[in-house]
Amino acid sequence: MVSLQAKLSKCDMVEFDLHFSADNVPVLMHDESTGRTSKEDVVVRNVTAHDIKNISLKIVSGIKAAIPTLSEAVDWCMKNNMKMVFDIKNAESKMIMTIANVIKSNNLYSRVIVSSFNPYVAYMVKRLDKNILTGIRSYILPQFLGVDMLLLHYKNVNTYLVDDARQQDIHVVAWTVNDPSIAASLRAINVSAG
């Protein structure tokens, strides 16, 4: 699993996007199709999980990888003491219920954040299980939705936003931080960097 690179580079959290296969197995894939990340352009929803496993991802940094299922990713993260961010683009009820069930059945409450740009996802996750940590990738309505975290691109984070969020008991997490000096400056204002 490519996440091994994250572990080896001393990261303690991985983020992944999820889509259902034709047989309703959640698999890790950023886009709805495999075209950008593999040699084959296949719509994930149109093929079975078994067939998806046979699609080779493009080799990155000399690492050859296959598309993992959510179950495989969760197992790997648990064995390697990694925290997870499930980024949900698909706001359908089936995906939200599946995610909530995975978190509950594996007791991942302290290890998973469910995030989305779609406020409906955070709202529905909290309705299903108020103990699941949720985050929204937009500064609209975070307190109304009951989210625990605000996940923003690091360039959108500033001390005023952090102070405002803190007053509302909302933790700020910055994403796409690849520069150690930027990560350090964010930590200095109590922002988690991922």
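Tabulated results
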{"read-out": "Unique match (being aliphatic (A, V, I, L, M) and either touching a Cys at 6+ places or on another chain (Cβ under 8 Å) or modelled with pLDDT under 85 (or both)) among V172, V191, V114", "value": "V191"}
{"read-out": "Residue check, V157 in contact with a helix residue (DSSP H, G or I) (Cβ under 9 Å, 6 or more places away or on another chain), surrounded by 19 or more Cβ atoms within 10 Å (Cβ to Cβ) and either at pLDDT below 80 or under 19 Å from D12 (Cα atoms) (or both)", "value": "no"}
{"read-out": "Yes/no for D23 being loosely packed, with under 14 Cβ neighbours inside 10 Å and at pLDDT 95 or above", "value": "yes"}
{"read-out": "Some residue of the range 32-48 being of a type in the set (D, E, K, R), in a helix (DSSP H, G or I) and without any contact (Cβ under 8 Å) to a residue 24 or more places away in the chain", "value": "no"}
{"read-out": "Test: residue in the range 83-103 that is touching a Cys at 6+ places or on another chain (Cβ under 8 Å) and either of a type in the set (G, A, S) or not in a loop (DSSP other than H, G, I, E, B) (or both)", "value": "yes"}
{"read-out": "Residue match in the range 77-91 (condition: surrounded by fewer than 19 Cβ atoms within 10 Å (Cβ to Cβ) and touching a His at 6+ places or on another chain (Cβ under 9 Å))", "value": "yes"}
{"read-out": "Checking N101 against (1) at pLDDT below 90; (2) loosely packed, with under 14 Cβ neighbours inside 10 Å; (3) within 23 Å of L128 (Cα to Cα), the condition it does not meet", "value": "(1)"}
{"read-out": "Residues that are assigned to a strand (DSSP E or B) and under 16 Å from G146 (Cβ atoms), drawn from the range 104-122", "value": "I113, V114, S115, S116"}
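The values are calculated or read from the model by the stated rules, or taken from the named source; none is laboratory data. Bear in mind the structure is a predicted one, so any value in this text is a computation, not a measurement. For neighbour counting, all protein chains shown are included, and Cβ atoms are generated from backbone atoms with ideal geometry for every residue, glycine included.
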